[in-house]
Amino acid sequence: MIKKTLILLQILILSTGCESFVENTSPTITSVTDEDINDPSNIPFLINGVLNQYSYAHGYIGLWVDGLSDELVFDGKVQGATSNRGEKIDNGIFEPTMGTTVNPYEAISGAWRLAHILKEKLDDMDMDGDNNIEMEGYYTAYLYQGLPCFLLGSYYGRGPNYPDDGGATLDGSPFISSADLYDMAVDYFNSALNYADDYQARVVHSLIARVLLYGGNFADAAVHASQGLQNGDPPFEALCGEEVGWVNMYWNSAGNSRTSWTLGSRFKLLLGEDFEDDNGNGVWDSTETFIDCALPGADAGAGDGVYSGPTEPEEIVRLAMAAGSMTPGTDYVRYYQIKYPDSDSPLLIIDWQENHLMLAELDLRGEATGGSALGAVNEVRASHGLFSLDDVDYSVLLHERDKELFCRGQRLIDQRRFPDDLPWHTGEWHYMVIPYEEEYANPNYP
């Protein structure tokens, strides 16, 4: 009982910043009883606790797995890049400890736990006929139990065939394989559909489609993607900022706040290296000074000493970046993302553009989606004002995913799914390593 009360208190602590969702609640509350929690009027409070904890977990793990992939680079010559942990993650050689490398894992488990508690509280409560808040509560509880299962199944591993397969423990459970975590996620999402409005249902169908696509169930993925988010639907996001209690992690460690992580050089090379246009003709001339971008795929070291002109200058509209501050004497420049420019920039979980790219892939795989890969990709490009393509194959699709989904935690999964097209950049580990200590793998877990 004591443990359960402390967990419930954690919900309130996580939620106190979101006053717009919590009416008739004093900001000076410092303790709470089980009787208070069981009051239906506090369900919005509990919902916010779930949302806030998940936003923390989502940003934390997204940043780190983008570093484990070839998307973000840890370069010690960038001012602000001083973390030994970051260098090890980038090189895929770190070992888990009970220190800060455990934080994202515990944050994900904490998000699942709070959503699970919300569901249990709803089961025990008499909602006094308040059907709307009951529907919202159950939708949130199931959705946010499914999302952590997806994160663990996608990003963590320590199974018998590690590092070639993934999986994790969940809130003290025995080890669960990635395939089983994906099945759990789909089950939770299907339960959430029972309480969803029309827009929420499209969100859930997109999330189910993603899990099924990544798990190799292409036929069922096509069914759900066809019912997923549509052109013009708002994105499904995790909120960040002072009111939520967590800042945007990309802004915090790979952006305007601190630049521990910078973008892989391929993104800047699409836009062309910067130069001093002394004669104002708009193109680089051999007599003009240019800012050398580090070689694509290189973790550190000098640039190649050759000016690289833009190959896709139009991509500036979806590849927002800025030059990082380098250690004095460094003869090249790294660039960092400003896709998330502020501490309260919301984190993208999924949007209609990603759903369209899933539809495109499924069409290439021969599944019926009601459209074509070319049409789906061109709709995504049109949403940014980009010109239409004439043809789409897997190479084009993966390039579009690389640009559209950057800084969203998806590149790591694509590298595992398409090893021949997207070779591993470094290291040997293709998953984050769970801290496989006794407390995370209790064989007596019910």
What number of residues within the stretch 388-412 are under 20 Å from Leu147 (Cβ atoms) and of a type in the set (Lys, Arg)? 2
Tally, over the stretch 81-115, of residues that are open to solvent by less than 70 Å² (accessible area, probe 1.4 Å), at pLDDT 80 or above and out of contact with any Phe, Trp or Tyr (no Cβ under 9 Å at 6 or more places or on another chain): 1
Would you mention how many residues in the stretch 152-179 are touching a strand residue (DSSP E or B) at 6+ places or on another chain (Cβ under 6 Å), closer than 20 Å to Ala115 by Cα and at pLDDT below 85? 0
Residue that is in contact (Cβ under 8 Å) with a residue 24 or more places away in the chain, over 14 Å from Asn355 (Cβ atoms) and buried (at least 19 other Cβ atoms within 10 Å of the Cβ), where the choices are Gly137, Gly228: Gly137
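Name the residue, out of Asp351, Asp390, Asp402, that is of a type in the set (D, E, K, R) and surrounded by fewer than 18 Cβ atoms within 10 Å (Cβ to Cβ). Working first, answer last.
Working: Asp351 fails: surrounded by fewer than 18 Cβ atoms within 10 Å (Cβ to Cβ); Asp402 fails: surrounded by fewer than 18 Cβ atoms within 10 Å (Cβ to Cβ).
Exactly one residue qualifies, and that residue is Asp390.
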Out of Asp233, Asp278, report the one residue that is of a type in the set (Asp, Glu), open to solvent by 10 Å² or more (accessible area, probe 1.4 Å) and over 23 Å from the mean Cα position of the chain (by Cα). Asp278
Examine the stretch 413-423 for a residue that is farther than 24 Å from Leu212 by Cβ, in contact with a Lys or Arg (Cβ under 8 Å, 6 or more places away or on another chain) and either open to solvent by 60 Å² or more (accessible area, probe 1.4 Å) or not in a helix (DSSP H, G or I) (or both), and state whether such a residue exists. no
Would you confirm whether or not the stretch 142-153 contains a residue that is in contact (Cβ under 8 Å) with a residue 40 or more places away in the chain and touching a Gly at 6+ places or on another chain (Cβ under 6 Å)? no
Mind telling me which of the residues Tyr195, Tyr250, Tyr214 ends up being surrounded by 24 or more Cβ atoms within 10 Å (Cβ to Cβ) and at pLDDT 95 or above? Tyr250
Looking at (1) closer than 25 Å to Arg113 by Cβ; (2) surrounded by fewer than 24 Cβ atoms within 10 Å (Cβ to Cβ), which one does Cys149 not meet, given that it meets all the others? (2)
Qualifying residues in the stretch 326-348 (those that are surrounded by 15 or more Cβ atoms within 10 Å (Cβ to Cβ) and more than 30 Å from Leu51 (Cβ to Cβ)) - the one farthest from the chain's Cα centre (by Cα): Thr330
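The values are calculated or read from the model by the stated rules, or taken from the named source; none is laboratory data. Please read these numbers as outputs of a predicted model, since none were measured by experiment. Because the Cβ atoms are built from the backbone with ideal geometry, glycine has one as well, and the counts that use them run over all protein chains shown. Only protein heavy atoms, including side chains, enter the accessible area calculation; ligands, DNA and RNA are left aside. Shrake-Rupley method; radii C 1.70, N 1.55, O 1.52, S 1.80 Å.
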